[in-house]
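Student: To start, I am sharing the structure in question, which I have written as structure tokens.
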There are 2 protein chains.
Amino acid sequence: MSGQTNHEMSTIDNDRFWTPTGWRAADASAGEGWVVPGIANLHSHAFQRAMAGMAERQTNPEDSFWTWRETMYRFAACFNPETLHAVAAQLYVEMLEAGYTTVCEFHYLHHSPQGKPYDDPAAMSRALIQAARDTGIRLTLLPVLYMSGGFDGRALSDRQRRFGHDVDGFLRLLELLCEDAGERLHIGCAFHSLRAVPADTMRAVVAALPGGMPVHIHIAEQIGEVQDCMALRNARPVEWLLENVDVDSRWTLVHATHLTPEETQGIAQSGATVAICPTTEANLGDGLFPLREYLDAGGAWGIGSDSQISVSPVEELRWLEYGQRLATRHRNIAVSESSPSVGETLLRGVIASSAHATGFSGTSDVVVLDGNAAQLAGASRDDIVDRWIFSGNRNLVSEVHVAGQRVVSDGQHHDRDAIAARYRATMRTLLA
Amino acid sequence: MSGQTNHEMSTIDNDRFWTPTGWRAADASAGEGWVVPGIANLHSHAFQRAMAGMAERQTNPEDSFWTWRETMYRFAACFNPETLHAVAAQLYVEMLEAGYTTVCEFHYLHHSPQGKPYDDPAAMSRALIQAARDTGIRLTLLPVLYMSGGFDGRALSDRQRRFGHDVDGFLRLLELLCEDAGERLHIGCAFHSLRAVPADTMRAVVAALPGGMPVHIHIAEQIGEVQDCMALRNARPVEWLLENVDVDSRWTLVHATHLTPEETQGIAQSGATVAICPTTEANLGDGLFPLREYLDAGGAWGIGSDSQISVSPVEELRWLEYGQRLATRHRNIAVSESSPSVGETLLRGVIASSAHATGFSGTSDVVVLDGNAAQLAGASRDDIVDRWIFSGNRNLVSEVHVAGQRVVSDGQHHDRDAIAARYRATMRTLLA
């Protein structure tokens, strides 16, 4: 009898692994920690890590997304494969230590600054792949097709030239990269935006992609983009996409900030995922995604660190909810009858979209939260996720396991010092 | 000649201390770090640290500030001097490690849960004082006068009873506490809100205070409060205060979220400080302070961690700016011709208000940022403050010095483990 009681208690005590369907027994290595699934970062421009905090200075009395983009273009012109590798490795260490186990790289820095392909046309892609390998993070590499500088089909500007491909060159790049796909590397396809890819081309490329390949696109981030699309295509961006392309669960729409109620419903019904980037969308003054309406419509969504001014699923999720609270002057927006906890509702959303958006399904990647952290003291299972996301600023991540390998222990990536040293040296070069 | 060059370079290299008027030579102990002044936290309710992350669960389909307050009242009923001391000490360690060197405690948990004064009527105040002494943070203790439960003068509810004083009892408490004031302890006075203190009483208490004593008040946080004030006093809260009380630079108005342009101007002209609490105001769905208009009017302001769902000047300052960007869809709002960097403009604001709001003037408290941090790699002096506030989530604070004593080294408070162990034990008791 006492044996049975002990056995039951031990089982209960071991239920330290949160999953979207309930608490499960965790691997013994979790110890006193609490375990959550690894988080997918659905939208990243690795090179922008190097300019984080360097565009918070007035350049124009009307500073906006568009003046920020000028700063970003100047920065983008500085990178070569070696410096991109160093910056991405530092970024991926920061992501892993924050609890991201997969990153989707929306990668458009393809060629030399003058727009000439490198001898290996995949050289910049390989820099990102190498950075992911160095650090152990899963990578969904999304080479970006970028063909024109506006809805009117104008040519790329000098600063955009290193982003550009014709369709054949782009498909060859995809094919080349697919040869390297493996347990931790998945290849997808990205269109920079509606304005950067002609409508017919977009449809032709989608038709040529291997079945099931993820497709990502920037869309409806800025009001100016909505206005240009209305003027040239007589439809709003999301409206146009849903009417003219076969959008399904392979698709991830990045930002989708400016939506009509019909567009919100339409995305949800299409099965596509929205990659919301709350810290970047706030930093750039984009606006707020209509989260409550989208959840009510049953839409799929995840988060992205995008411009890297924050590298933390906690800050993304917290401020996704807080933005809604500020706009509505109510609390506890991301909840439902079946999920009254905001933190659990948000974490369920992120986990549910992960396989479609990244291409990695059924991973056993986990993040262990420090069971000794003051923020979790005395917590019941009902509180753990809320306290992780809504209780202070210390990083609670103590261990991260990707593809069965422990890459973070005691909160620190196993190679953080060497990678940071190379990053510092690279930054001195970039900023010299 | 080479000697002179070396001397000049050495002087330049040592200018690692940011001040509102420019870079200065830092103490040699800064080493490779970058030094900024210690930050004052203008608004804290220490006991709420223990409930951070535990009110993010739907209790009502119309969750708002007011349903949150019910949760908070239930929590407030649990504390005694011993548990308050343990929670406050943990909180103050977190504040110091985040770069706060002074905290203003807006303290209303005066009596036993039944409303009976403790044998020592200052017992709860002394718990806070002891926590500050244990940790080394400067404390501006603001005992709160709380007399009625609404603008109509209704009695305190059962849950509010432990907050209450009559005027004589309150002034005796102030007098008692002033005996302990010293280098790191300053005593101020707080009125909970306009609804909690009758108008005549407020004027009488202000008249009885020692000259120069800081006075803090919660005001215009919620629309419901503005409506009640309009109904009962025929004026908006800030409008009423400015017309009926001699508001000057001794005053700190906490929140002041809902303002007309005239009220915004009026506060700025009065010389009062606004304590903005961006993370709490977002968590509670309060709304956004009109920062741009207030800066244009030359108003004084600082930040507070308030409900402790975040303990970080970086997150407060970052989201103070981001809220404005989301509302205006522009970037770089907190800037001026003389201060084009957002981070420096924000840091100047926080430093400039500190002495009036806290009562501590001319301190030499400093925070050292880790010069080896990846986030600061390759930075020039122009970038340091922006990068600290707008570049990622790792805490860059490596050392904190208060009143000449180093209380944080290598990012860790000297007594963090023992204080955290006592906090964990206390939390298990509070939540049992």
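The values are calculated or read from the model by the stated rules, or taken from the named source; none is laboratory data. Just so we're clear, the structure is a prediction, and the values are computed from it rather than from any experiment. As a convention, Cβ positions derive from the backbone with ideal geometry for all residues, glycine included, and neighbour counts pool all protein chains shown. These accessible areas exclude ligands, DNA and RNA; they are computed on the full protein's heavy atoms, side chains included. Shrake-Rupley method; radii C 1.70, N 1.55, O 1.52, S 1.80 Å.
Student: Out of region B:259-274, which residues are of a type outside the set (Gly, Ala, Ser) and in contact (Cβ under 8 Å) with a residue 24 or more places away in the chain?
Tutor: Within region B:259-274, B:Leu259, B:Thr260, B:Pro261, B:Glu263, B:Thr264, B:Gln265, B:Ile267, B:Gln269, B:Thr273, B:Val274 meet the criteria.
Student: Follow-up question, since we're still on this one. Counting residues that are farther than 22 Å from B:Ala76 by Cα, which strands (runs of 3 or more DSSP E) fully inside region B:138-197 reach at least 1?
Tutor: B:138-145, B:185-187
Student: Inside region B:385-428, can you point out the residues that are assigned to a helix (DSSP H, G or I) and touching a Gly at 6+ places or on another chain (Cβ under 8 Å)?
Tutor: If the condition is that a residue be assigned to a helix (DSSP H, G or I) and touching a Gly at 6+ places or on another chain (Cβ under 8 Å), then B:Val385, B:Asp386, B:Arg387, B:Trp388, B:Ile389, B:Phe390, B:Arg424, B:Met427, B:Arg428 are the ones that fit.
Student: When you go through A:Glu183, A:Glu179, A:Glu175 one by one, which is the residue that is over 23 Å from A:Ala272 (Cβ atoms), open to solvent by 20 Å² or more (accessible area, probe 1.4 Å), within 22 Å of the chain's Cα centre (by Cα) and not hydroxyl-bearing (Ser, Thr, Tyr)?
Tutor: Exactly one of A:Glu183, A:Glu179, A:Glu175 is over 23 Å from A:Ala272 (Cβ atoms), open to solvent by 20 Å² or more (accessible area, probe 1.4 Å), within 22 Å of the chain's Cα centre (by Cα) and not hydroxyl-bearing (Ser, Thr, Tyr), namely A:Glu183.
Student: Considering each residue of region A:259-289, count those that are open to solvent by 10 Å² or more (accessible area, probe 1.4 Å) and either within 13 Å of another protein chain (Cβ to nearest Cβ) or modelled with pLDDT under 95 (or both), and give that number.
Tutor: Result for region A:259-289: 2.
Student: Filter region A:225-245 for residues that are outside any helix (DSSP H, G or I) and touching a helix residue (DSSP H, G or I) at 6+ places or on another chain (Cβ under 7 Å) and give the result.
Tutor: Listed by number, the residues that qualify are A:Ala235, A:Arg236, A:Val245.
Student: Could you list all residues from region B:234-258 that are touching a Cys at 6+ places or on another chain (Cβ under 8 Å) and either in contact (Cβ under 8 Å) with a residue 12 or more places away in the chain or open to solvent by 50 Å² or more (accessible area, probe 1.4 Å) (or both)?
Tutor: B:Arg236, B:Pro237, B:Trp240, B:Thr252, B:Val254, B:His255
Student: Taking the condition of being among the hydrophobic types (A, V, I, L, M, F, W, C), in a loop (DSSP other than H, G, I, E, B) and touching a Gly at 6+ places or on another chain (Cβ under 7 Å), how many residues in region A:246-277 meet it?
Tutor: Count: 1.
Student: Could you tell me which residue of region B:392-403 is surrounded by the most Cβ atoms within 10 Å (Cβ to Cβ), considering only residues that are of a type in the set (Gly, Ala, Ser) and modelled with pLDDT of 95 or more?
Tutor: Step by step, filter region B:392-403, then rank; the result is B:Ser398.
Student: Which of the residues belonging to region A:328-386 are among the hydroxyl-bearing types (Ser, Thr, Tyr), farther than 16 Å from A:Pro20 by Cα and surrounded by 23 or more Cβ atoms within 10 Å (Cβ to Cβ)?
Tutor: A:Thr358 - this is the single residue of region A:328-386 that is among the hydroxyl-bearing types (Ser, Thr, Tyr), farther than 16 Å from A:Pro20 by Cα and surrounded by 23 or more Cβ atoms within 10 Å (Cβ to Cβ).
Student: Could you run through region B:210-224 and say how many residues are outside any strand (DSSP E or B), open to solvent by less than 10 Å² (accessible area, probe 1.4 Å) and not aliphatic (A, V, I, L, M)?
Tutor: Residues in region B:210-224 being outside any strand (DSSP E or B), open to solvent by less than 10 Å² (accessible area, probe 1.4 Å) and not aliphatic (A, V, I, L, M): 1 in total.
Student: Kindly provide the set of residues from region B:26-70 that are among the acidic types (Asp, Glu) and more than 9 Å from chain A (Cβ to nearest Cβ), ordered by number.
Tutor: B:Asp27, B:Glu32, B:Glu70 - these are the residues of region B:26-70 that are among the acidic types (Asp, Glu) and more than 9 Å from chain A (Cβ to nearest Cβ).
Student: Considering only helices (runs of 4 or more DSSP H) fully contained in region A:1-108, which possess at least 1 residues that are surrounded by 15 or more Cβ atoms within 10 Å (Cβ to Cβ), of a type outside the set (Gly, Ala, Ser) and at pLDDT below 95?
Tutor: Ranges flagged: A:2-14, A:65-76.
Student: Which one of A:Ala231, A:Ala207 is without any contact (Cβ under 8 Å) to a residue 40 or more places away in the chain and surrounded by fewer than 16 Cβ atoms within 10 Å (Cβ to Cβ)?
Tutor: A:Ala207
Student: Just the residues that are at the interface with chain A (Cβ under 9 Å from one of its Cβ atoms), closer than 19 Å to B:Ile351 by Cα and in a helix (DSSP H, G or I), please, taken from region B:290-340.
Tutor: Within region B:290-340, B:Val314, B:Glu315, B:Arg318, B:Trp319, B:Glu321 qualify.
Student: Looking at (1) closer than 26 Å to B:Cys229 by Cα; (2) over 24 Å from the mean Cα position of the chain (by Cα), which is the one condition that is false for B:Val197?
Tutor: Here B:Val197 meets the rest and fails (2).
Student: Just to be sure, is A:Pro121 open to solvent by less than 10 Å² (accessible area, probe 1.4 Å) and modelled with pLDDT of 95 or more?
Tutor: Considered against the rule, which asks whether it is open to solvent by less than 10 Å² (accessible area, probe 1.4 Å) and modelled with pLDDT of 95 or more, A:Pro121 comes out as no.
Student: Residues of region B:352-405 being facing chain A (nearest Cβ under 8 Å) and more than 21 Å from A:Arg424 (Cβ to Cβ), which ones?
Tutor: Within region B:352-405, none qualify.
Student: Can we say B:Arg424 is more than 12 Å from chain A (Cβ to nearest Cβ), farther than 25 Å from B:Arg318 by Cα, among the basic types (Lys, Arg) and open to solvent by 10 Å² or more (accessible area, probe 1.4 Å)?
Tutor: It is false that B:Arg424 is more than 12 Å from chain A (Cβ to nearest Cβ), farther than 25 Å from B:Arg318 by Cα, among the basic types (Lys, Arg) and open to solvent by 10 Å² or more (accessible area, probe 1.4 Å).
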